[in-house]
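Quick note: the coordinates plus some simple rules give every number you see, no bench work behind them. Remember, it's a predicted structure, so these values are computed and weren't measured experimentally. Counting neighbours? That spans all protein chains shown, and the Cβs are built from the backbone with ideal geometry, glycine included.
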Amino acid sequence: MGFGDLSGRTVVITGASKGIGARACRALARAGASVVGLARSEDDLAALKSELNGDGLAFDYKVVDLVAADAADRLDALMSAHVPDVFINNAGATRPAAFQDVTVEDFDDIMRLNLKAGFFATQAAVKAMKAFPRPEVSRSIIHMSSMLGRVALPGRVVYAATKHALEGLTKAMALDLAEDGIRVNSICPTYIETPLTQPLLENPVFRGFVAEKMPLSTPQQPIGQVGDLDGALLFLTDSALSDLVTGTNLVVDGGWTAQ
Ligand SMILES: NC(=O)c1ccc[n+]([C@@H]2O[C@H](COP(=O)([O-])OP(=O)(O)OC[C@H]3O[C@@H](n4cnc5c(N)ncnc54)[C@H](OP(=O)(O)O)[C@@H]3O)[C@@H](O)[C@H]2O)c1
């Protein structure tokens, strides 16, 4: 197996139906991985399966609501059926609001999905990994964090809190799981055009602000695109490339947080 060849590796990823997750499924399946995508929208998942299987690539999906009462049991069952070499905790949401305007419902919903559901989905993945003998190459957990796990912006208090928590979780998990040969890292993207950010980025003032803040922004590509994360995902997924990398974050922000 050469660098970037994921043949024989099983990747399970949450939030696979849209945006960054759907692109990750495409990129990792094209690198040879057998990818299992989880989300709620069956139509989107089925379309992705049809596209990827049609290209001869290995992709399957399971419809799971990560915040549903039965999520833990469903995740245990599906991780046992598709034991991941790599688990990507990607599903997430945002509900921008100034600190004083955050409701208990907003707080609970975003914390529940971005932090609690991601935490326990990852725990189910690790349980399945540890039930198998440690393979020759390390296994990998990737938390889809954000540059807002490192810095903040006005009106993003709850989202930033969840992503800062993911950064701490990454480091602590890396220490707990090193003895099992499981690496734990995060990816911290800047604004990327997806269904999540569309309502924000369709505002020309906000779009201009994002382009202005990102030193690598160009007139041709002012805003980050889902494909800009392919390299980071492949690097952290492929143990041949990142076997000694754990407990760290890979910032893909066009220089935003270097300022
Ligand atoms: N886009 C950005 O600028 C950006 C920047 C930094 C970090 N991120 C992070 O990257 C991740 C993906 O973001 P994105 O922009 O790709 O968002 P997106 O386009 O809104 O996609 C979110 C994904 O999460 C899934 N999801 C949401 N709630 C779920 C639930 N209860 N159960 C199962 N799946 C659920 C959605 O699928 P269903 O609706 O089908 O369930 C969808 O596949 C998030 O963690 C986000 O915080 C994004």
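Key figures
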{"read-out": "Scope the range 17-52; condition within 11 Å of the ligand (Cβ to nearest atom), touching a Lys or Arg at 6+ places or on another chain (Cβ under 9 Å) and not in a helix (DSSP H, G or I); matching residues", "value": "17, 37, 38, 39, 41"}
{"read-out": "Every residue from the range 146-189 that is over 13 Å from the mean Cα position of the chain (by Cα) and not in a helix (DSSP H, G or I)", "value": "150, 151, 152, 153, 154, 155, 156, 181, 182, 183"}
{"read-out": "Filter result for residue 92 (away from the ligand (no atom under 11 Å from the Cβ) and farther than 22 Å from residue 139 by Cα)", "value": "no"}
{"read-out": "Options 14, 94: the member that is over 29 Å from residue 131 (Cα atoms) and of a type in the set (Ser, Thr, Tyr)", "value": "94"}
{"read-out": "Hits in the range 53-70 (condition: more than 8 Å from the ligand (Cβ to nearest atom), of a type outside the set (Phe, Trp, Tyr) and touching a helix residue (DSSP H, G or I) at 6+ places or on another chain (Cβ under 7 Å))", "value": "57, 58, 60, 62, 63"}
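Okay, residues lined up against (1) in contact (Cβ under 8 Å) with a residue 60 or more places away in the chain; (2) surrounded by 17 or more Cβ atoms within 10 Å (Cβ to Cβ):
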{"position": "23", "(1), (2)": "yes, yes"}
{"position": "29", "(1), (2)": "no, yes"}
{"position": "53", "(1), (2)": "no, no"}
{"position": "61", "(1), (2)": "no, yes"}
{"position": "76", "(1), (2)": "no, no"}
{"position": "101", "(1), (2)": "no, no"}
